[in-house]
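For reference, the structure discussed in these notes is given below.
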Amino acid sequence: MQAVDHDSVKKPVSAQTGEPKGGERKDGQVYLPGFGWVTETGGSGTTVDGDGDINKQVGTMD
């Protein structure tokens with residue numbers, strides 16, 4: 001393989017595929033590249049009541 005001068009290399013022309021951009025929203029759904037249109041369900045998280053330790057060990061490792 002021969003070395004190629006980086007100034008002479010042409011960048012590929014991106015074709016218009018009609019694919020939406022990541023994060024685009026339509027009809028209550030959001031487009032995620034690789035997954036397609038996904039129904040937006042909002043954020044997720046954990047509710048903790050404040051009593052006890054959320055990082056408590058629940059089992060043993062032998």
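The values are calculated or read from the model by the stated rules, or taken from the named source; none is laboratory data. If you're wondering where the values come from, they're calculated on a predicted model, not measured in any experiment. Only protein heavy atoms, including side chains, enter the accessible area calculation; ligands, DNA and RNA are left aside. Shrake-Rupley method; radii C 1.70, N 1.55, O 1.52, S 1.80 Å.
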Worksheet item: Could you count how many residues in segment 13-41 are of a type outside the set (Val, Ile, Thr) and modelled with pLDDT under 75?
Response: 3
Discussion item. All but one of (1) over 30 Å from the mean Cα position of the chain (by Cα); (2) open to solvent by 100 Å² or more (accessible area, probe 1.4 Å); (3) modelled with pLDDT under 80 hold for GLY52; state the number of the condition that does not hold.
Written reply: (2)
